[in-house]
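Trainee: The structure is given below, and queries will be raised subsequently.
Values in this text are rule-based calculations from the coordinates and carry no lab data. As the structure is a prediction and not an experimental result, all values here were calculated from the model. Cβ coordinates were reconstructed from backbone atoms using ideal geometry, including for glycine residues, and neighbour counts include every protein chain displayed.
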Ligand SMILES: Cc1ncc(COP(=O)(O)O)c(C=O)c1O
């Protein structure tokens, strides 16, 4: 508005992974707009929708590959919850404290944050139970024991929904081995594992998907945000046997929406994924992220009274500060210095989730600004 330029360390809610207004995405959107802007999602699906579904099947782990498209992340979560219910015949879902899955009513039922739930609590569905989400330093065994206790006792639970790293809660990483432990428990109790990778997916953590780090293949995967390169498109991706629970269409789809699998969104997503592949963004993110984290660790060592912890991996990093007041002051000070950054969790964590295309000089400059802002009275 005032002609200033900013370095965006938020990727605008983790969306602009291939950069803002990536030229390849922009061209793909323009070209598709000349051909077909709107298609009849599930009635006469345009070819480009099948092309994107095939690409998603290629990039996602294991035999995941059957897609139900949506526009927002919450759409993908709704589709995942319904798919799990159809596949297991069980309505219950185990979710985690601090988890964020979106704000439509199904998603809100598994989201745990009280500030979002409380004003609508009389309408929020009650099929979900929440258990503590472990931090990196917590006991893996104790956390899994709590999950197992519930899966053992409550046979109405058909699915577990989890963020491999909790994003909005302030970049909370569970102990290593926890996700594979969760997978094993789901197998033992015949429960489906839904990985919500709407934030962590598409290279953000240094792997194509955060689940890949432990070789975990969920039964259902939710993706969105970065997939469309800025265009709103999401997908609930499931294993063929799980998705088969929807049965053959009898003419009227049980779950659909007018703009499902928008041709322009599919074109944008294909271009964004192609950009990620061409530039090998997951590998690049592993390296750039390690460098960024190292710089933040140096800042921590220099400012032990103000910085409590550095956490996360890839370009999904968090700086937990001594107080939320300090975090908020830094958000404003950094904005004045030309850096966009947002607080997360209970407001005491600065979240660093920049475009995956960020350059080392930009990281160096940002860290210098954070250092200077910390030193400001
Ligand atoms: C892990 C996760 N799931 C779901 C959502 C909801 O996505 P949307 O805001 O696109 O509905 C978000 C959004 O931040 C998210 O981080």
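Trainee: Starting from the exponent 0.38 and prefactor 2.2 Å, build the expected Rg for region 263-377 from its residue count and divide its actual Cα Rg by it.
Mentor: Dividing the Cα Rg of region 263-377 by 2.2 N^0.38 Å gives 1.17.
Trainee: If you build the Cα gyration tensor of region 238-320 and take the root of 5 times each eigenvalue, what three semi-axes come out, in whole angstrom, biggest first?
Mentor: 43, 18, 12
Trainee: Let me ask something else about it. For region 102-168, what does the alpha-carbon gyration tensor say about shape, rounded, prolate or oblate, given a ≥ b ≥ c as the root eigenvalues, a/c under 1.5 as rounded, and a/b over b/c as prolate?
Mentor: It is oblate, given that a/c is not under 1.5 and a/b is not larger than b/c.
Trainee: Same structure, new question: Which of 351, 122, 275 moves most in a GNM of the chain, Cα contacts under 10 Å?
Mentor: 122
Trainee: How many angstrom lie between the C-alpha centres of region 112-161 and region 243-270?
Mentor: Here the two parts' Cα centres lie 29 Å apart.
Trainee: Let me ask another. Given a Förster distance of 30 Å, report the FRET efficiency between residue 258 and residue 105 from their Cβ-Cβ distance, rounded to the nearest 0.05.
Mentor: 0.95
Trainee: Right, next: Report, for the chain, the % of DSSP beta bridges that are antiparallel, rounded to 5.
Mentor: 60 percent
Trainee: For q values of 0.09, 0.10, 0.13 Å⁻¹, compute log₁₀ I(q)/I(0) with the Debye formula on a Cα-only model of the chain, without solvent.
Mentor: -0.51, -0.63, -1.06
Trainee: While we're here: Show me the ranking of peptides 160-170, 243-253 by mean Cβ neighbours inside 10 Å, starting with the highest.
Mentor: Put in order of decreasing packing, that is 160-170, 243-253.
Trainee: At 0.36 nm per residue, and after removing the present C-alpha to C-alpha distance, how many nm does the segment from residue 297 to residue 142 gain when stretched out fully?
Mentor: 52.9 nm
Trainee: Could you tell me what a quarter of the Cα convex hull surface of region 8-121 works out to, in nm² with one decimal place?
Mentor: Mean projected area for region 8-121: 10.2 nm², to one decimal.
Trainee: Going by the alpha-carbon gyration tensor, a ≥ b ≥ c the square roots of its eigenvalues, is region 104-217 rounded (a/c under 1.5) or, if a/c is not under 1.5, prolate (a/b greater than b/c) versus oblate?
Mentor: In terms of gyration-tensor shape, oblate.
Trainee: Along the three principal axes, how long is region 151-266 when you take its alpha carbons, biggest first, rounded to the nearest angstrom?
Mentor: In descending order, the Cα extents are 42, 34, 23 Å.
Trainee: Another question about this same structure. Would you mind calculating the relative contact order of the chain from Cα pairs under 8 angstrom and at least 6 residues apart, reporting the percent as a whole number?
Mentor: Answer for the chain is 25 percent.
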